[in-house]
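Encoded as structure tokens, the structure appears first; notes follow it.
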Amino acid sequence: MADILLTAVINKSVEIVGNLLVQEGSRLYWLKEDIDWLQREMRHIRSYIDNAKDKAIGGDSSVKNLIKDIQELAGDVEDLLDDFLPKIQHSNKFKDAICCLKTVSFADEFAMRIEKIKRRVVDIDRARTTYNIIDTSNNNDDYIPLDQRRLFLQTDETEVIGLDDDFNMLQAKLLDQDLPYGVVSIVGMPGLGKTTLAKKLYRHVRDQFECSGLVYVSQQPRVGEILLDIAKQVGVTEEERKDNLEDNLQSLLKGKRYVILLDDIWDVEIWNNLKLVLPECGSKIGSRIIITSRNNNVGRYIGGESSLHVLQPLDSEKSFELFTKKIFNFDNNNWANASPDLVNIGTSIVGRCGGIPLAIVVTAGMLRARERTEHAWNRLLESMGHKIQDGCAKVLALSYNDLPTALRPCFLYFGLYPEDHEIRSFDLTNMWIAEKLIVVNSGNTREAEGLAEDFLNDFVSRNLIQVAKRTYDGRISSCRIHDLLHSLCVELAKESNFFHTMHNAFGDPDNFAKVRRITFYSDDNNAMNEFFRLNPKPKKLRALFCFTKDYSIFSQMAHLDFKLLQVLVIVLSQDHHGFVLIPNKIGNMSCLRYLRLEGKIIGELPNSIVKLKRLETIDIRKSEIRLPSGVVWESKQLRHVRFKGDFPLFNVCFSLSPNMHSIPPKNLQTLMWMNDRVFESRLLQGFSKLRKLGIQQVSHSTSKLLSALSTVPNALEVLKIGFYSNYASEQINLSSNPNIVKLGLYDFLINSKAFPPNLVKLTLTFVMVNHHLPAVLKKLPKLRILKMVHCEHIEYTMDLSGDANGDSFPQLEVLHIDKPFRLCQVTCRDDVSMPKLKMVKVSSGISLSERLAKLRI
């Protein structure tokens, strides 16, 4: 796990060097030399760790101790860089002799600290050589480790429980003469039974082919061994195998109809080598290849999109069926002889397995070794998280170990959230960037956000997370992580000191001072209070997550010293509603970059928050907290500001007027919401990077400004506008704004020129709907999502049929009508209109015509 810290050090050293303004021979020049040395040394050590990690995973204690020493070293180096970065940034601005002397002082101090680091590096290398620690992977090509998966692939057991539907679909696909590329790809998260299902499929169909073979590929495949294994099974003679294996295997397969199962493929490189020998399966002969992989992209690359069969967790009924089979496998007892309470406990145990067959089998195995009593089963239920995790750890950890180094800390971040939590991609992206887990050489935040989005998509493709919601343009809006993988994150994070939870932060008192991130997600607040009592100056803490009911976290913050805190997330239970005093001390968190406060919290951020020069994201939109007014924001890095905007007398902090200089508009990308009272044309023009904008209580003058193409920033993609009860309805015209693809209108009367031409999603709230509105909306050429909430309809029926001009919602996919007033019926009288409509969601009591009713959810 030291590789995570080493990557953080490398990223931060790059940032620091970029901030240095030096001249050769100056004190800062030598400081730059030291940082360059740090960067080079950490890169070398990281490469060394990559080579040694397999030995550590294999249980070599001496290598583990060595890596632990490196991990502590990397952590101390990161602390050093975080401590000195503000001083370095300040040194670039000095103008007088006093500041110059301060710069010399901290440069000398930094140099002395670097000398200590160098001595520790030498000492680690001395320990490695003195104690003869063999810390590199075994390079013996003849060495093949015993692998349980390879043995399992050769066993006769092909019993599949709960996957009958999947089996039938796969068999039909495999035997389809028109199957593209001749490949079936079974993909999904670890533990779902991909190999079991593939093995049953292979053995069920192999008699319909002239020759067949099944091989285990693994994370460390050897092409020669795989081809040799296939050759033995398909009938290549021993002499031919020794003479010219590749040519003879290819020659045999070209003339035969074959089926081959390639189990557990991790990347496309091995396939690129194998396909040079294996003849094309898409030929008239009708040969087939079955693959299993945890990575959707691998299956997509080998067999195309149509080859994918994504395995899902079992539902509750099939989960219980599998559990029952495994529990009663060795005797004739069944649930008929069990007490109702025992059955209920069994149901709860199965529910905790989350539909993962591997977890169910592991749990059933543990129960078979126990008495079949309520007491024994309840004890297992109470400790299930750790026991299942232990039983599945090796299988799950393979997916983590396969991640590139840069992705590992980002994956562990999911464990900072509670189980079953729906996590917004906006939050993840901006927290990763805030902690410098994602750094791009250009320093361009849009590029960093794009890389973060790539990371999320990679996790989805590897089946490590599941998409919960998507945005109007198909990007990931929110996601979830399975409980088993969540537990894996927690365990790995504890082991590497990446983060701790309220349950594992206690133990060795020395650990308190070393905690870098901590999360509290329980109604029991004693652990949180105890942690801060024992650690009032958490000087290494980078991220604090609190999902709690206890409002006292705010009063505690007034007495704590968060020197290096970069991410602060407080989510209070919605059960409480009250005023809180957010302490002025928040302004002392000089490293804070990301702030999110959520819950029924009434209060105001203190004026001191505007002193935070590194602040990048403020998200208080799901609270009743106000922003400070009449202040100067010092952060030039502020990119996202999201607040509720229901306080017209207070939220006037975004203005260019002489008395209220505001946020420098250079980097601002999100501003939700802004009050019309301070809206100015030159302010909006200054936000050159603004992508998302919300304006409350829009007036006539603002409507005219928004209607002018030159007023709206070119980067603006999302616009939300609220009006004074139809006050500005006749004035606004957005038809000349081609970049706006998502629009929300509140308290608005529609006119025919209101909509941008490239609109993809439209949300209308408290809008007056007359018979002209559908006619206007039908003409929007790219509209895919239409949502109408609390709209007042003039007529009882809304007809969405095509008109005489052929306008008929050509791209509409989703129609959502929620809590309408007066509307009783929605109709579509033809089969031509809305040709791409996939989903209709309307409130109960609204009748739909036959075609729309078939799409109702």
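Readers should treat all values here as calculations from the given coordinates under stated rules, not as data from a laboratory. Predicted model, so just to flag it, every value in this text is computed and none were measured. Please note: Cβ atoms are built from the backbone with ideal geometry, for glycine as well, and neighbour counts cover all protein chains shown.
Tabulated data for the structure shown
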read-out: Peptides ranked, highest mean first, by Cβ atoms within 10 Å: ranges 634-640, 370-376; value: 634-640, 370-376
read-out: Extension gain (nm, one decimal) between S688 and R126, 0.36 nm per residue minus Cα-Cα; value: 196.8 nm
read-out: Karplus (6.51, -1.76, 1.60) ³J(HN,Hα), θ = phi - 60°, over the stretch 112-122, in Hz, Gly and Pro reported as x; value: 5, 5, 5, 4, 5, 4, 4, 5, 5, 4, 5
read-out: Anisotropy class of the stretch 570-626 from Cα gyration tensor, a/c 1.5 cut; value: prolate
read-out: Which listed pairs, of K318/K782; K540/K742; K469/K540; K563/K666; K644/K689, have C-alpha distances above 32 Å, in listed order; value: K318/K782; K540/K742; K469/K540
read-out: Where a label projected 7 Å from the Cα of R533 along Cα→Cβ would reach, residues of the stretch 464-504 with amide N under 17 Å; value: 502-503
read-out: Estimated inter-spin distance, H44 and R829, nm [label 7 Å along Cα→Cβ]; value: 8.2
read-out: Taking all pairs of distinct alpha-carbon atoms in the stretch 388-477, Kirkwood radius in angstrom; value: 14.1
read-out: Too-long pairs where the Cα-Cα distance tops 27 Å, listed order kept, from K325/K394; K118/K539; K636/K761; value: K636/K761
read-out: Rounded D (µm²/s) - the stretch 172-311, Kirkwood Rh over Cα pairs, Stokes-Einstein at 37 °C, 0.692 mPa s; value: 220
read-out: Whether the stretch 769-824 is rounded, prolate or oblate, judged on the alpha carbon gyration tensor where a/c under 1.5 counts as rounded; value: oblate
read-out: Estimated vicinal HN-Hα couplings, Hz - the stretch 463-478 in sequence order (Karplus 6.51, -1.76, 1.60; Gly, Pro = x); value: 6, 8, 9, 10, 6, 8, 9, 10, 7, 4, 9, x, 6, 6, 8, 8
read-out: For the stretch 219-296, radius of gyration divided by Kirkwood radius, i.e. Rg to Rh on alpha-carbons; value: 0.95
read-out: Cβ-Cβ FRET estimate between T373 and K325, R0 fixed at 22 Å, reported to 0.05; value: 0.60
read-out: Calculated Rg and Dmax of the stretch 732-857 using C-alpha coordinates, Å; value: 13.4, 38
read-out: Extension gain, E269 back to L581 (0.36 nm per residue minus Cα-Cα distance, nm); value: 106.6 nm
read-out: Difference of contour (0.36 nm per residue) and Cα-Cα distance, K87 to D341; value: 85.0 nm
read-out: Cα-based shape type of the stretch 390-435, given that a ≥ b ≥ c are square roots of the gyration tensor eigenvalues and the cut on a/c is 1.5; value: oblate
read-out: The stretch 250-257 - phi-based ³J(HN,Hα) in whole Hz, Karplus 6.51/-1.76/1.60, Gly and Pro as x; value: 5, 4, 5, 5, 4, x, 10, 8
